[in-house]
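Student: First the structure, then my questions, so here it is.
The values are calculated or read from the model by the stated rules, or taken from the named source; none is laboratory data. Note that the coordinates shown come from a computational prediction; the quantities given were computed from them, not determined experimentally. Cβ coordinates were reconstructed from backbone atoms using ideal geometry, including for glycine residues, and neighbour counts include every protein chain displayed.
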Amino acid sequence: MSYDIHFLSRDEGQSWGDVLEAAEAKAGNNDPIPAELLEAWQRIVPQARVLLGNVDITEYEQESRDLSHSDTGIDLSVFGDEVSITVPYWHTGDRAAAVLGKLFALSAVVEKETGLTAYDPQVEIPLAETSPDQAMSIMSGVTTDLRNRYGG
């Protein structure tokens, strides 16, 4: 389970539900990454390294790219024309706030470099409209619930 951010393109007048439905319909097509996303990836990676420090990069031919940060669990993925960031529900309190601050900052970089909008499906609005306190409450609450249920 993870806190997820999807990067989407929305036409004027199109609902977020319609955008998500269209993205889900295209998911898993194994299409190559579009050239503009590959170019954006090349600009994103150095900025992510400044923000996060040491990151692991995995590239699979022309279909996918992955950037992962082991300390926070932040994972940025590009698969075909799908772009997302995930963070596992590991963090509570001040640690959740710090990790989510990095998530918000990395999301801003991805938005700037791709032209896509960061969408927060946990609250069903763009990330720019999600308050850090709201995100932290979700992260901490789910993490605490999972720890109570399963230990850890």
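Student: Quickly run through the range 80-97 and pick out the residues that are more than 12 Å from the chain's Cα centre (by Cα), in contact (Cβ under 8 Å) with a residue 24 or more places away in the chain and surrounded by fewer than 20 Cβ atoms within 10 Å (Cβ to Cβ).
Tutor: 80, 81, 90, 92, 93, 97
Student: Across the range 129-143, which residue is nearest to residue 109 (Cα to Cα) among those that are in a helix (DSSP H, G or I) and without any contact (Cβ under 8 Å) to a residue 12 or more places away in the chain?
Tutor: The selected residue is 129.
Student: Which one is farthest from residue 63 (Cα to Cα), of the residues in the range 1-31 that are surrounded by 10 or more Cβ atoms within 10 Å (Cβ to Cβ) and among the charged types (D, E, K, R)?
Tutor: Result: 18.
Student: Only one of (1) within 22 Å of residue 127 (Cα to Cα); (2) surrounded by 16 or more Cβ atoms within 10 Å (Cβ to Cβ); (3) in contact with a helix residue (DSSP H, G or I) (Cβ under 8 Å, 6 or more places away or on another chain) is not met by residue 55, so which one is it?
Tutor: In the conditions (1) within 22 Å of residue 127 (Cα to Cα); (2) surrounded by 16 or more Cβ atoms within 10 Å (Cβ to Cβ); (3) in contact with a helix residue (DSSP H, G or I) (Cβ under 8 Å, 6 or more places away or on another chain), residue 55 misses (1) alone.
Student: Something else about it: For residues that are of a type in the set (S, T, N, Q) and assigned to a loop (DSSP other than H, G, I, E, B), scanning just the range 26-54, find the one that is modelled with the highest pLDDT.
Tutor: Only one residue fits best here, namely 54.
Student: State whether the residues of the range 7-19 include one that is touching a residue at least 60 places away in the same chain (Cβ under 8 Å) and assigned to a strand (DSSP E or B).
Tutor: yes
Student: Return yes when residue 56 is over 17 Å from residue 117 (Cβ atoms), acidic (Asp, Glu) and touching a strand residue (DSSP E or B) at 6+ places or on another chain (Cβ under 7 Å) and no when it is not.
Tutor: yes
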